[in-house]
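A.B. asks: Have a look at this one before I ask anything.
Here, each number is a calculation from the coordinates, and none is a lab measurement. Since the structure is predicted, the reported quantities are computational estimates derived from the model, not experimental observations. Cβ coordinates were reconstructed from backbone atoms using ideal geometry, including for glycine residues, and neighbour counts include every protein chain displayed.
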Amino acid sequence: MIAAGIGIADLTVEYSGSQKVLDGIDLTIDAGAFVAVLGPSGCGKSTLLNTIAGFVRPTGGHVYFNGAVVSGPSRERGVVFQRDVLFPWASVGANIAFALRAAKVPRAQRKMRIDTLLKAVGLPTEITSRRPHELSGGMRQRVGIARALANNPQVLLMDEPFGALDALTRTQMQDLVIDLWEQTGTTIIFITHDVDEAIRIASAVVVMGVGGSIAGIIENPLPRPRPADRVAEFDGYAPLRRQLHDLLRSDQHLEEATGEHT
């Protein structure tokens, strides 16, 4: 995979009859970066991701992908949603094959490619014939990631993909995404409302603020690997966590003072 950078210039999104969801955002995400976008529900995180994906058209400003303006969805930007969006009537293999057909992978190569993708996300190839309802939540999300990777994307956009999983499965899925990033160098933008998740996985954290603005961008100084059971013991962990919480709290206080809500 070839990583790609994202440029965001004066980005504004306003839905009909409502206030601005995103307001004048400027942001640069370098090729190969692993960036977490952190913030409470309703602050515009998912709208930002959907605009980068090309699902939402900006009211003002632009999103740039490899220097070109984003005007719609593209297979170079893969998306993993909060809930898996697998076709419930189709097998695991058929779900992944759908993406491979879209990527124009020849039929003769699809079986091998499906097996490779399943192995990449830590799943046995024996589940190819299973339907989504026969899988656990974590397994379904792994299949969703495999399907997103089927297009060989340059950017992987992840919208709170582990929020519905139990704590142990969530940690395992974090490990999976970190491993994929380290192996492929794909640019990853990961939406979360969990400070500890952002600290564990990302190289930099963008904190979303009141009215769809950016409250701050913090580089993550913690070394890798960051084992789930030991990361809280790292030097620098507590100050970083405090800094992120302070950004979130200060922005909430501003919202209460101005009467603005997102």
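A.B. asks: Helix 107-120: angle to the longest alpha-carbon principal axis of the chain, degrees 0 to 90, nearest 10?
C.D. replies: Tilt of helix 107-120: around 50 degrees.
A.B. asks: Kindly provide the pair-distance distribution of the chain built from C-alpha pairs, with 10 Å bins from 0 and whole-percent values in order of increasing distance.
C.D. replies: 7, 29, 34, 22, 7, 1, 0
A.B. asks: ASP23's amide H: which non-local residues (gap 5+, or another chain) put their own amide H closer than 5 Å, with H modeled 1.01 Å from N in plane and none for Pro or chain starts?
C.D. replies: Hits under the 5 Å cutoff: VAL13, SER213.
A.B. asks: Right, another one. About its Cα centre, what dipole magnitude does the chain give when the only charges are +1 on Lys and Arg Cβ and -1 on Asp and Glu Cβ, stated in debye to the nearest 20?
C.D. replies: That gives a dipole near 1500 debye.
A.B. asks: Under the rule of at least 5 residues apart or a separate chain, name every residue whose amide H is placed under 5 Å from the amide H of VAL121.
C.D. replies: For VAL121, whose amide H was placed from the backbone, there are no distant partners under 5 Å.
A.B. asks: Starting from the Cα-Cα distance between GLN19 and HIS62, subtract it from 0.36 nm times their residue separation and give me the gain in nm to one decimal.
C.D. replies: 13.6 nm
A.B. asks: If you don't mind, there's one more thing I want to ask. Please give the helix 167-184 orientation as an angle from the longest Cα principal axis of the chain, in degrees from 0 to 90, rounded to the nearest 10.
C.D. replies: 80 degrees
A.B. asks: Sticking with the crude label model, points 7 Å out along Cα→Cβ, report the distance from LEU222 to ALA94 in nm, one decimal please.
C.D. replies: The answer from the label model is 4.2 nm.
A.B. asks: Students often forget the sequence filter, so: which lysines lie under 20 Å Cα-Cα from LYS45 once same-chain residues fewer than 8 apart are removed?
C.D. replies: Once the sequence-local lysines are set aside, what remains near LYS45 is LYS20.
A.B. asks: Mean residue ellipticity at 222 nm from the helices of the chain, using -39,500 (n - 2.57) per DSSP H segment of n ≥ 4 over the full residue count, to the nearest 500 deg cm²/dmol?
C.D. replies: -11500 deg cm²/dmol
A.B. asks: How much space per residue, in cubic angstrom, does the convex hull of the C-alpha atoms of the stretch 63-208 take up?
C.D. replies: Here the figure is 122 Å³ per residue.
A.B. asks: Another question, then. Under the rule of at least 5 residues apart or a separate chain, name every residue whose amide H is placed under 5 Å from the amide H of ILE191.
C.D. replies: Excluding prolines and chain starts, which carry no amide H, the hits are VAL37, MET158, ASP159, GLU160.
A.B. asks: What list of ³J(HN,Hα) values in whole Hz, one per residue of the stretch 199-216 in order, does the Karplus curve 6.51 cos²θ - 1.76 cosθ + 1.60 (θ = phi - 60°) give from phi, with Gly and Pro shown as x?
C.D. replies: 5, 5, 9, 9, 8, 8, 10, 9, 9, 7, x, 4, x, x, 10, 9, 7, x
A.B. asks: Now for a separate question. Mind checking which of GLU182, GLU233, GLU219 has the largest fluctuation in a GNM of the chain, springs on alpha carbons under 10 Å?
C.D. replies: GLU233
A.B. asks: Kindly give the semi-axes, whole Å and largest first, of the ellipsoid equivalent to the stretch 84-152, taking each as the square root of 5 times a Cα gyration tensor eigenvalue.
C.D. replies: Whole-Å semi-axes of the equivalent ellipsoid: 17, 12, 11.
A.B. asks: Could you go through the stretch 142-152 in sequence order and give the Karplus-derived ³J(HN,Hα) for each residue, using 6.51 cos²θ - 1.76 cosθ + 1.60 with θ = phi - 60°, rounded to whole Hz, and x for Gly and Pro?
C.D. replies: Computed from phi, the couplings for the stretch 142-152 are 5, 5, x, 5, 4, 5, 5, 6, 4, 7, 6 Hz.
A.B. asks: Here is a further query. By how many degrees, 0 to 90 and rounded to 10, does the Cα axis of helix 237-258 deviate from the longest principal axis of the chain?
C.D. replies: That helix lies at roughly 60 degrees to the long axis.
A.B. asks: Output ³J(HN,Hα) for the stretch 59-67: one whole-Hz value per residue in order, computed from phi by the Karplus curve 6.51 cos²θ - 1.76 cosθ + 1.60 with θ = phi - 60°, and x for Gly and Pro.
C.D. replies: Computed from phi, the couplings for the stretch 59-67 are 6, x, x, 9, 10, 10, 10, 6, x Hz.
A.B. asks: I've got another one for you. Springs between alpha-carbon pairs under 10 angstrom, Gaussian network model over the chain: which of ASP246, ASP179, ASP26 fluctuates most?
C.D. replies: ASP246
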